[in-house]
Protein chains: 2
Amino acid sequence: MEAASKPRPGANGRGRRATRVSGDDRERAILETAGRLLEEKPLSEISVDDLAKGAGISRPTFYFYFPSKDAVVMTIVERLVEAATGSRDEVLATLAEAGPRAGLEKALENLYAAFRSRPGVVRAGADLRATNHREAQELWTQVMEGWVDDVTAMIEFERDRGAAPAGQPARELAIALVQMNERVQYATLLGETPSLEGDRVLDVLIDVWLRAIYGSAE
Amino acid sequence: MEAASKPRPGANGRGRRATRVSGDDRERAILETAGRLLEEKPLSEISVDDLAKGAGISRPTFYFYFPSKDAVVMTIVERLVEAATGSRDEVLATLAEAGPRAGLEKALENLYAAFRSRPGVVRAGADLRATNHREAQELWTQVMEGWVDDVTAMIEFERDRGAAPAGQPARELAIALVQMNERVQYATLLGETPSLEGDRVLDVLIDVWLRAIYGSAE
DNA sequence: GGACTGTATCAACACTGTGTCGAGAAGTTC
DNA sequence: GAACTTCTCGACACAGTGTTGATACAGTCC
């Protein structure tokens, strides 16, 4: 965060090739190296030296660009989360237009697609959040809160217009459903055992959502 | 595991107080220290030295009893999991006798109760599983598989006798529901945001389970 | 009661990884 | 070409892990 904003060479419009690579390039190289390594091995097995070497610099020089290994990972995770969250408005529109099943399908598919391409980054994010790291926890809290708010609103809307029956408080139901999605998709993404097959996740989750929201118990 | 079984002084029935504390006592002291510290701070902030000091021994002596910090934690986690899983038969009986709602209530309450008393240990277990650690992953896989099997059988039984409608394959539904429980209860236990209040977890989860199993979509 | 054996203990070491400091090189600005 | 900013890294200090080898102590066996 503030890590990434320290070196700001601004518009360095050099026409001749520089003997020395620019700071921006170095920063990018570090991020790319981290991204690549994360798909190969867990965060705990990647050292600052690995990142520095991968970016063609020495370890102390690494610290010129980022305050720590975690800061690099946070930058990557933040960008991925941003990309994944970006399409929210679009989804809400679909939900309103095309009805619950199609809307949910689109929402979950969007999310899953965003994370599917970078399982290593997802795992690293989870590691960070588990191990302490306030920033990571806050980031994920915000993301989860956002989704919970959306789902809560959706459930209340459906209940108000009589499409869904009453039941547990909307927000509580929303929390359970959103957390289910997180866990189930994470397990599938990382190939845990047991976990759902990649091509079954959406069907199963959507079914539970619809039954939980629109079905009535017993 | 093999760590805990190395020092086996057997029956050391001394009548006079020993100038030196016995190996068993040391081992217990290490486990107790770890258990205590885990409720104070995350695993990552506990060093082998902390455990050794807590047990009144030097760091090298620690390695006489356990091969690593993780081995200590694994021992503690295993015992907790064992205690939590122990009551399964009893639960299955309740389920058969008292019907789905009461059976589920009992099952989830049992689980939650077992883990509720040691949030630090639960967190440490999750940390271990996240960070690598094959043993921890295998342990949790076994536990999850056990629950998934039980729930799968239960769903199939209910469908066969006509109490529950057809739907997604029983095992896949079971996976989603079991993983939802894991996530939701973990979040509550550790006081994440967002998460359900401790006294609301069971109500909400049971509702989703019943609707997912007995309700029909749309 | 002395040699023998297994259990237990720890100072000292080797190693891996983190993060900092200070000296200086390389490019930019005036 | 002096001053300034950006960038680089060798050398250091530190924290933690895990190992080695010497040693102590407690119970035998004879």
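The values are calculated or read from the model by the stated rules, or taken from the named source; none is laboratory data. The structure displayed is predicted, hence computed values, not measured ones. Positions of Cβ are backbone-derived with ideal geometry, glycine not excepted, and every protein chain shown enters the neighbour counts.
When segment A:189-207 is limited to residues that are more than 7 Å from chain B (Cβ to nearest Cβ) and part of a helix (DSSP H, G or I), the one that is nearest to the chain's Cα centre (by Cα) turns out to be A:Leu189.
Take the conditions (1) more than 9 Å from chain A (Cβ to nearest Cβ); (2) crowded, with 18+ Cβ neighbours inside 10 Å; (3) of a type in the set (Phe, Trp, Tyr); B:Tyr186 misses just one of them, which is (1).
Within segment A:39-68, being away from DNA strand D (no atom under 14 Å from the Cβ), more than 14 Å from chain B (Cβ to nearest Cβ) and assigned to a helix (DSSP H, G or I) holds for one residue alone: A:Asp50. In the set B:Gln179, B:Gln142, B:Gln168, only one residue is within 22 Å of B:Asp89 (Cα to Cα) and buried (at least 19 other Cβ atoms within 10 Å of the Cβ); that residue is B:Gln179.
Exactly one residue among A:Ala170, A:Ala124, A:Ala113, A:Ala174 is modelled with pLDDT of 95 or more, closer than 26 Å to A:Ala34 by Cα and small (Gly, Ala, Ser), and that residue is A:Ala124.
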